[in-house]
């Protein structure tokens, strides 16, 4: 099937469901693999998604359910019958279960947890005990370990016993008698070693993450170092779970979506766009928009102060959008760069002076370039003094905007606010008001009004 | 070592290098693992990074080199001696080699390629033959396969033989005599099966990606489906390489950094912030800033048209930044949401009418909320007619901005431009000018001037 055909098929499927033609929908499902079914469901309304989901055979349904976004899983839970849900819920890995629980109302979550077999309930409860953003909440508490004094043959026997159940058998934490992590060993290393070799001889230095530490940072470590599994430990370095690379990729995907949303001044949806109800889209944006609009009344106030100047020389008003736009752009550029660097752990709040120095220089150079250009153009079209005002304002605004835009994300992180929230939208508003003040002060000085 | 101590250590290291105290730097290196050394190098100037790199023992140096960002690797290549570089270059996987080659001047790249052993050169050349954004260029052409008629024992023997060299042995593509991919089998499945079982009986349906298809999409498939390895095939479904999950995560990380940069109106740096020279930071921003500033002269022209109106009622100028700011914010919100949905393949260009319908409704509802608020506030503080103008303008601008912001990324994708480039900065400029026209038309109609 080409991608074109596949896309057509998924569109047809949605159409059949919408029209209530379940026979045709069943036909269209043949040949689609779980990934395609996930795509289809995530493009539908929750109700249609549930109808489609009911058409799936049982084992296929589980594979699809596992791969759905947690918010869409939660939609399904609301639509399906209790017994259907209970079976699938028990089949999920403990970490996947917690993603879903986070999306459900407390009463539903409690009922589902009570329906679990004892061991699964305990494992899930362990994970649920960690704070929202901690890696402990995203780890899998079900793992195979080995011991430094065991032989390769003994370890392989442990692996064979766990093949059907463990999340991964390709990387094993090595723990001593106190459950402390002392190394990791890969299945590959085990297979390369003689049967009677001790694990101690072939294990390597472990990377680990503390269960209460930030989930994104642990996931980044896992991905950056290409670790198939990262042992998660408590404050005494005792093993409590593992983070697998695929779960790390999932955490990073979600974090990145959240960062992108906040940088654009939107609350993260946490669910696919087309399956999100309009009211929820509105809710994800309206608060931010109001906050920013209220912030922007600052610009009205600044302009009021200079209303007399403005009345004297209306030409000054012509350049207001251009000047504050350029300031906003410069600030956003700096904020975007530094926010991303923070997310990737390339800079930290303590680097604030280095960042300040860099952005000051960058902003000044940008201001010089734009200022000269503005001076020449505005000077040529209007008059020399106007050109001078525009040029000087551009130079000053760029310098200020880049500096503020660059350090704002670091300040946000230092006071434990998401830098992505605090940066772009706020910077624009702040820079707008500052830029106007600079503009009119320069205009008054140069034009003598 | 706590994170605090580690951070201090890395800062000390940088200080020692800067002061030329190599003995102290060597001491500070003890106990740091490759990941920490990478962090240290990526926070330094290229010259200091090379000094630090030279202090590393040979095997450690390779691990560090592999984990560095390709642009930083390229810096090192320029600073180190040819023999040092040649040895490390030969040790890289073919796909990692191509990342680095893409960052090097053609002459240096050619010299390095010529220095490779014959087989490695051939593998690298295969990968280099694919276009820049294709998954073929990011795959590893070095893999282990099995055949549907082979037994589990025979396959395990193949795996054992490849343990030292293959990128992964945990997921094997199953190919028939024509090298066509007919399935995949995991080491786990192999270990669970009896020795004399045929691969045919235990293999599962393969996900595959065509070598010329988009790298990001293939990487997303790999990550979404938690595939440890995704077979990459040519147009006849013959195996040409594999994409491993860690490489997929790396591709996604880079793509996401690029998207974030472009959404903020910055050319992607492709390298860590602190190790980027100031001039390069300026270059990554100045062109965009100039383009946007030139675009913003449109607002000057629009305001000129309405200069007479403005002179008549200076109060109108007070609200210009607020109104265009709100329009820009609304447009950015829509663009951010849709751009992200596009990147995640949740919407496609053919969904343009659905997106249009949704954003029109979202924009109208947002406009209604903000318009009412604006009407009440501006009406109370200034005068009823002014309130009416502001309220109506906000309602109209929000509707238009959300609609344009929502469909612009889809239009960009349809004409094969990066949606992230085309959306936010352009939208702001476009919405600014449109918003001004709407504002003055409404003002003229309501105020009768």
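Data for the structure
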| item | result |
| --- | --- |
| Exercise: per-residue mean of other protein chain Cβ atoms within 10 Å, A:224-231 | 4 |
| Copies compared at residue A:415 - label distances in nm, ascending, label defined 7 Å from Cα in the Cβ direction | 4.3 |
| Shielding by other protein chains, B:286-293, mean Cβ within 10 Å | 6 |
| Rg(Cα) / (2.2 N^0.38 Å) computed for segment B:232-368, rounded to two decimals | 1.52 |
| Cα gyration tensor category, rounded, prolate or oblate, for segment B:277-447 with a/c compared to 1.5 | oblate |
| Test item: A:241-253 mean partner chain Cβ contacts at 10 Å | 4 |
| Relative contact order of segment B:152-263, defined on C-alpha pairs under 8 angstrom at six or more residues apart (%) | 22 percent |
| Sorted peptide list for B:200-208, A:164-172, criterion being average Cβ within 10 angstrom, highest first | A:164-172, B:200-208 |
| Segment B:290-339 - convex hull of alpha carbons, volume per residue in Å³ | 83 Å³ |
| Cα→Cβ-extended label distance, 7 Å offset, between residue B:133 and residue A:447, nm | 4.6 nm |
| Helix A:70-79 axis, angle to chain A major axis (alpha carbon atoms, nearest 10°) | 60 degrees |
| Helix axis angle, B:152-162 relative to chain B longest principal axis, alpha carbon, degrees | 80 degrees |
| Relative contact order [Cα under 8 Å, 6+ residues apart], segment A:15-75, whole percent | 34 percent |
| Two-site FRET efficiency, residue B:119 against residue A:153, from Cβ-Cβ distance with R₀ of 45 Å, rounded to 0.05 | 0.85 |
| Relative contact order (%) - chain B, alpha-carbon pairs under 8 angstrom, separation at least six | 11 percent |
| Square roots of five times the Cα gyration tensor eigenvalues for segment B:1-45, Å | 16, 11, 9 |
| Segment A:194-236, Rg to Rh (Cα coordinates; Rh as Kirkwood inverse mean 1/r) | 1.10 |
| Compactness of chain A as Cα Rg over 2.2 N^0.38 Å, two decimals | 1.28 |
| Ordering of B:92-101, B:352-361 by burial proxy (mean other Cβ atoms within 10 Å per residue, highest first) | B:92-101, B:352-361 |
| Cα long-axis angle, helix A:82-91 against chain A (0 to 90 degrees, to the nearest 10) | 80 degrees |
| Inter-copy label distances at residue A:35 (7 Å, Cα→Cβ; nm, one decimal) | 2.8 |
| Percent of Cα pairs exceeding the 20 Å cut-off, where the set is segment A:68-214 | 56 percent |
| Kirkwood Rh (inverse of mean 1/r, distinct Cα pairs), segment B:176-220, angstrom | 12.5 Å |
| Average projection area in nm² (convex hull over Cα atoms of segment A:3-131, one quarter of hull surface) | 8.1 nm² |
| Sorted by Cβ neighbour density within 10 Å, fewest at the top, the residues B:276, A:330 | B:276, A:330 |
| Calculated label separations, residue B:383, copies of the chain, 7 Å along the beta-carbon direction, nm | 3.0 |
| Residue-span extension gain [residue A:353 to residue A:59] - 0.36 nm each, minus C-alpha spacing | 100.2 nm |
| Neighbour-count ranking [beta-carbon atoms within 10 angstrom, fewest first] of A:41, B:305 | B:305, A:41 |
| Rounded to 5, the percent of DSSP beta bridges in the protein assembly as shown classed as antiparallel | 85 percent |
| Angstrom value of the Kirkwood radius, inverse mean 1/r, which spans all Cα pairs in the protein assembly as shown | 29.6 Å |
| Span from the segment B:148-213 Cα centroid across to the segment A:69-130 one, whole angstrom | 34 Å |
| Segment B:391-449, Rg to Rh (Cα coordinates; Rh as Kirkwood inverse mean 1/r) | 1.12 |
| Fraction of beta bridges assigned by DSSP in chain A that are antiparallel (%, nearest 5) | 85 percent |
| Part-to-part distance (alpha-carbon centres) for segment B:326-366 and segment B:377-447, which is given in Å | 14 Å |
| Isotropically averaged projected area of segment B:152-263, using the convex hull of Cα atoms (one quarter of hull area), nm² | 7.7 nm² |
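Values in this text are rule-based calculations from the coordinates and carry no lab data. Quick caveat: nothing in here was measured; it's all calculated off a predicted structure. Reconstructed Cβ throughout: ideal geometry from the backbone, glycine too, with neighbour counts over all protein chains shown.
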